[in-house]
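The values are calculated or read from the model by the stated rules, or taken from the named source; none is laboratory data. What you are looking at is a predicted structure, and each value in this text was computed from that prediction instead of being measured. Heads up, the Cβs are rebuilt from the backbone with ideal geometry, glycines too, and the neighbour counts pull from every protein chain shown.
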Amino acid sequence: MNARLTLIVGLLLLSQGAFSQAQRFGGTSLGFRGMSGYMGFGVAEFTVLNPTSEFRMDSGTQVYLAGEKEIGQTGFFITFNFSFMQSKGQSFYDYTTLGGTNYQTNPGTQIEFSSDHLHMGMGLKFKLFPTSFFRPYGEGGGLFSYHTMNYKPRQGQLTNLDGQQKNEDGLVGFGHYLEAGVEVDFSEAWGVRVGARYLITETRAFETLANEKVKFEARIFQFGIGRKF
């Protein structure tokens, strides 16, 4: 909790400094720009929708890359983005090998895990005041993702701990996202973006979770630095 609070405060301080610089810049003489790219990071909070019990994802972190291309001079932009999120949590475990050996958590216990989430998205963005140095925006699109679960079982947590259990599992998933925020230029080519993204994604069935799918919501507060081309 303290680490997450420190990161959020850091993001707010960075945002305040960028906006102060933008006010000194005052504006841009450039019209619509063809392409822009962004890179940044954020903090994520998760709400698990499935499995419905004995599965929890703690808060995590995100890094991302994003780009966009304007559609004429309409204020609409085609966007693409890549993000990598990490989180930890606790889960039940239930895995059966091809030979029929079963591994599962003992009653009342859960296994700690770490998870990685790679998202690749494509969407549509609309900007208010697209030629201004201050541009509120809204965005939405679809996601293709890959998710890995790395389990860390300890003695007494599994009914069978002979070292042959599956400690890592990975599957693809699909989802969608919505995002809103503001872009601010502090020079002709450079600027910052502060936004909040909501996403929901669902994986295929994990063998290590008794063939349950993982479905979750994430709310991500983001800060990024961008460049126009």
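Contact annotation: residue pairs with Cβ atoms under 6 Å, 6 or more positions apart or on different chains, pairing a residue in the stretch 202-229 that is touching a residue at least 40 places away in the same chain (Cβ under 8 Å) and over 30 Å from residue 184 (Cα atoms) with a partner that is among the polar types (S, T, N, Q) and surrounded by 15 or more Cβ atoms within 10 Å (Cβ to Cβ), are 213/203; 214/203. On the stretch given as the stretch 198-225, residues that are within 18 Å of residue 43 (Cα to Cα) and either touching a Phe, Trp or Tyr at 6+ places or on another chain (Cβ under 6 Å) or β-branched (Val, Ile, Thr) (or both) total 9.
For the stretch 19-26, indicate whether the set of residues that are more than 17 Å from residue 220 (Cβ to Cβ) and modelled with pLDDT of 95 or more is non-empty. Walk me through it before giving the result.
So the first thing to find is which residues in the stretch 19-26 are more than 17 Å from residue 220 (Cβ to Cβ), and the list is 19-26.
Still in the list and also modelled with pLDDT of 95 or more: none.
No, the stretch 19-26 contains no residue that is more than 17 Å from residue 220 (Cβ to Cβ) and modelled with pLDDT of 95 or more.
In a residue-by-residue description of the stretch 149-163, the property of being of a type in the set (Asp, Glu), touching a residue at least 60 places away in the same chain (Cβ under 8 Å) and out of contact with any strand residue (DSSP E or B) (no Cβ under 7 Å at 6 or more places or on another chain) applies to no position.
Among the candidates 74, 109, 79, which residue alone is loosely packed, with under 15 Cβ neighbours inside 10 Å, out of contact with any Phe, Trp or Tyr (no Cβ under 8 Å at 6 or more places or on another chain) and β-branched (Val, Ile, Thr)? Talk me through it step by step, then tell me what you get.
Working: 109 fails: loosely packed, with under 15 Cβ neighbours inside 10 Å; 79 fails: loosely packed, with under 15 Cβ neighbours inside 10 Å.
Answer to the selection: 74.
Candidates in the stretch 190-229 are the residues that are of a type in the set (Gly, Ala, Ser) and either within 14 Å of the chain's Cα centre (by Cα) or not in a strand (DSSP E or B) (or both); of these, the one that is surrounded by the fewest Cβ atoms within 10 Å (Cβ to Cβ) is 196. Counting the residues of the stretch 178-213 that are more than 30 Å from residue 128 (Cα to Cα) and touching a Lys or Arg at 6+ places or on another chain (Cβ under 6 Å) gives 4.
For the stretch 148-189, the candidate set comprises residues that are surrounded by fewer than 19 Cβ atoms within 10 Å (Cβ to Cβ) and of a type in the set (Ser, Thr, Tyr); within that set, the residue that is farthest from the chain's Cα centre (by Cα) is 159.
Give me the residue from the stretch 94-153 that is hydrophobic (A, V, I, L, M, F, W, C) and more than 27 Å from residue 197 (Cβ to Cβ) and, out of that set, modelled with the lowest pLDDT. Among those that are hydrophobic (A, V, I, L, M, F, W, C) and more than 27 Å from residue 197 (Cβ to Cβ), it is 98.
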